[in-house]
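Trainee: Structure in structure tokens, see below.
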Amino acid sequence: MEQNISLQSYNTFGIDVHAARFATVHSLKQLRAILRKEQPALILGGGSNLLLTKNVEGLVLKNDFRGIERLKETKDSAIVRFGAGENWHEIVLWAIENGLGGIENLSLIPGTVGAAPIQNIGAYGVELCDVFVELEAIYLKSGRKRVFHLEECKFGYRDSVFKRRLKGKVFITSVSLKLTKKHQPQLSYGAIGKVLEEQSIKKPTIKDVSDAVIQIRSSKLPDPKVLGNSGSFFKNPEISAAKFKVLTAKFPEAVHYPLPDGRFKIPAGWLIEQCGWKGKRVGNTGAHKNQALVLVNYDGKATGKEVFDLAMSIQASVQSKFDILLTPEVNVI
Ligand code: FAD
Ligand code: EPU
């Protein structure tokens, strides 16, 4: 166990706060031994969905559970268990190399496998819950192991039971996914089809889809290694049909996506841009020039509080102009 270490290289925002104690865990035996002595103040994966606003006075547990195991195989699919500390993008590439589809649209999402169920990661028409089978977790208080099946995780848009009732109560140690051998590319997200068309690809392989997603993401999302950020800072708000009517009466050009339940999703990036924040810098932080929903840390000099204050100013101006409340996607510590 290490004492008083900087967390700057452990979070993609690059915020320089300290942890009083820090341990990397890679086995159940080791995890249980630690939990008997001290409960963690923070479980850390890749630190890509976190905004650290203060020093962590207790113990930070960095997840390093490894391993890839094929559990069940048929001619059409394979169920594969991934250690929760595996890097998400690397397991996407592993799946593609092994001819297994289903997660290629989730290429290049930073972070670990174990954090993927926390907010049910999603991108380009696919969410983790589409391929999820089960996960294994350890209750922090008792050290007891529990398997959570799909329906028990209560997955929603950027949501799960692990962000609600079980928040801060379990350590996820592995995640099992059902991957396909008969591929049906998911091309509902317009930009993917456009990129494939430009390359004259008519029958895309899973690698083609992954490459297209990587190309689109790289064109608008800043690379955290170059410019600190945590991806989308807020969730895209979902509003009622009545509220949507009021919004479009005033702003007929509002970008929107109808939801199956009759509500509408409004891209937070559009709302933030309309309030004049896109590309605007405030001290060492700001809203990114290509994607207003991504808040950034210039030169690694911003404090967590500076970023949080900017987020609150953005939230207030969107509320005042559109009467829509943006809620953070990023976990603010
Ligand atoms: P961390 O940031 O380390 O942790 C996130 C939360 O999960 C924390 O509350 C932490 O305590 C908890 N946690 C982590 N691991 C465990 C565990 N093993 N057990 C219990 N709790 C745990 N997200 C998307 O959904 N779609 C995107 O397209 C997307 N694009 C992004 C692009 C960029 C450039 C960046 C920086 C982020 C993006 N994200 C996206 C957000 C982020 O990548 C995901 O939320 C990712 O799953 C976070 O993984 P992590 O390991 O870094 O989690
Ligand atoms: N837009 C603007 N101005 C901006 C940004 C976006 O007007 O500055 C509008 C554009 O009309 C654009 C639309 O918003 O067409 C949607 O933008 P984009 O395709 O970039 O996606 P998003 O809704 O901003 C969501 C996820 C991303 C995910 C992409 C692709 C959320 C909160 N974010 O972003 O996830 O990668 O879709 O599926 O749902 C993340 O969660 O961290 C993340 C990056």
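Trainee: Tell me, what is the FRET efficiency for Glu90 and Tyr189 to the nearest 0.05, using R0 = 22 angstrom and their Cβ-Cβ distance as r? Mind dumping the intermediate values first?
Mentor: Details: r = 23 Å, r/R0 = 1.04.
With R0 = 22 Å, the Cβ-Cβ based efficiency is 0.45.
Trainee: In addition: Along the positive direction of the dipole of the stretch 2-63 (beta-carbon charges: Lys, Arg +1; Asp, Glu -1; about the Cα centre), which of Thr53, Ile15, Leu35 reaches farthest?
Mentor: Leu35
Trainee: Let me ask something else about it. Using a Förster distance of 41 angstrom, determine the FRET efficiency expected from the C-beta separation of Ala33 and Lys305, and round it to 0.05.
Mentor: Details: r = 35 Å, r/R0 = 0.86.
Approximately 0.70, to the nearest 0.05.
Trainee: For a paramagnetic label modelled at 7 Å from the Cα of Lys207 toward its Cβ, which residues of the stretch 96-111 fall within the zone defined by backbone nitrogen distances under 20 Å?
Mentor: 96-109
Trainee: Moving to a separate point now. For the chain, set up a Gaussian network in which alpha carbons nearer than 10 Å are linked by springs, and say which option among Cys129, Cys275, Cys153 fluctuates the most.
Mentor: Looking only at Cys129, Cys275, Cys153, the biggest GNM fluctuation is shown by Cys275.
Trainee: How far apart, in nm, are the 7 Å Cα→Cβ label points at Tyr157 and Gln3?
Mentor: 4.8
Trainee: Relative to the compact-globule scaling 2.2 N^0.38 Å, provide the ratio for the alpha-carbon radius of gyration of the stretch 3-119. Don't jump to the answer; show the numbers that get you there.
Mentor: On the way: Rg = 16.2 Å, N = 117, 2.2 N^0.38 = 13.4 Å.
The stretch 3-119 yields a ratio of 1.21.
Trainee: Between Asp223 and Tyr257, how many nm apart are label points set 7 Å from Cα along the C-beta direction?
Mentor: Label-label distance for Asp223 and Tyr257, simple model: 2.7 nm.
Trainee: Scan the stretch 1-67 for GluC sites (Glu not before Pro) in coil per DSSP, keeping those whose Cβ has at most 15 other Cβ atoms within 10 Å, and list them by number.
Mentor: Working: sites: Glu2, Glu38, Glu57; in loops: Glu38.
Listed in order of number, the matching sites are Glu38.
Trainee: When only DSSP loop residues count, what trypsin sites (Lys or Arg not before Pro) in the stretch 170-218 have their Cβ near at most 10 other Cβ atoms within 10 Å?
Mentor: Details: sites: Lys178, Lys181, Lys182, Lys194, Lys202, Lys207, Arg217; in loops: Lys181, Lys182, Lys202.
Taking the stretch 170-218 and a limit of 10 other Cβ atoms within 10 Å, the loop trypsin sites (Lys or Arg not before Pro) found are Lys182, Lys202.
Trainee: I need the shape label for the stretch 106-257. Rule: rounded when a/c is under 1.5, else prolate if a/b > b/c, else oblate, with a, b, c from the alpha carbon gyration tensor. Mind showing how you got there, number by number?
Mentor: Details: a/c = 1.84, a/b = 1.27, b/c = 1.45.
Oblate.
Trainee: In addition: Under 18 Å between alpha carbons, and skipping anything fewer than 8 positions from Lys181 in its own chain: which lysines qualify?
Mentor: Lys72, Lys75, Lys203, Lys207
Trainee: At most 15 other Cβ atoms within 10 Å and a DSSP loop assignment: could you name the trypsin sites (Lys or Arg not before Pro) in the stretch 4-69 that fit?
Mentor: Values: sites: Arg21, Lys29, Arg32, Arg36, Lys37, Lys54, Lys62, Arg66; in loops: Lys54, Arg66.
Filter output for the stretch 4-69: Lys54, Arg66.
Trainee: Using the C-alpha gyration tensor of the stretch 184-253, what are the square roots of 5 times its eigenvalues, in whole angstrom, with the largest one first? Don't skip to the end; give the middle numbers.
Mentor: Numbers: eigenvalues 183, 85, 24 Å².
Whole-Å semi-axes of the equivalent ellipsoid: 30, 21, 11.
Trainee: Roughly speaking, to the nearest percent, how much of the chain's 1.4 Å accessible area is carbon and sulfur? Walk me through the intermediate numbers first.
Mentor: Details: 8330 of 16000 Å².
Result for the chain: 52 percent of the exposed heavy-atom area is carbon or sulfur.
Trainee: Something else now. Could you tally the net charge around Ser219, taking each other residue with its Cβ under 15 Å from the Cβ of Ser219, Lys/Arg +1 and Asp/Glu -1? Walk me through the numbers on the way to the answer.
Mentor: Values: positive: Lys194, Arg217, Lys220, Lys289; negative: Glu198, Asp211, Asp223.
Result for the neighbourhood of Ser219: +1.
Trainee: Something else about it: Would you kindly calculate the translational diffusion coefficient of the chain, applying Stokes-Einstein with the Kirkwood radius from alpha carbon pairs, for 25 °C and a viscosity of 0.890 mPa s, and quote it in µm² s⁻¹ without decimals? Intermediate results must be reported in sequence, preceding the final value.
Mentor: Values: Rh = 21.1 Å.
Value of D from the Cα-based Kirkwood radius: 116 µm²/s.
Trainee: Just to verify a number: FRET efficiency for Ser240 and Ala41, C-beta to C-beta distance, R0 = 51 Å, to 0.05? Each step should come with its number before you reach the end.
Mentor: Working: r = 38 Å, r/R0 = 0.75.
Result of the calculation: an efficiency of 0.85.
Trainee: A further question on this structure: Could you tell me the largest-minus-smallest coordinate of the C-alpha atoms of the stretch 180-333 on each of the three principal axes, in descending order and whole angstroms?
Mentor: Computed over the Cα atoms, the extents are 47, 43, 27 Å.
Trainee: Per residue, how many Å² of accessible area does the chain show with a 1.4 Å probe? Let's see the in-between values first.
Mentor: Values: 16000 Å² over 333 residues.
Accessible area per residue, the chain: 48 Å².
The values are calculated or read from the model by the stated rules, or taken from the named source; none is laboratory data. What you see is a predicted model; the values in this text were computed from it and never measured. When we count neighbours, we look across all protein chains shown, and the Cβ atoms used for this are built from the backbone with ideal geometry, even at glycine. Calculation scope for accessible area: heavy atoms of the full protein, side chains included, ligands and nucleic acids excluded. Shrake-Rupley method; radii C 1.70, N 1.55, O 1.52, S 1.80 Å.
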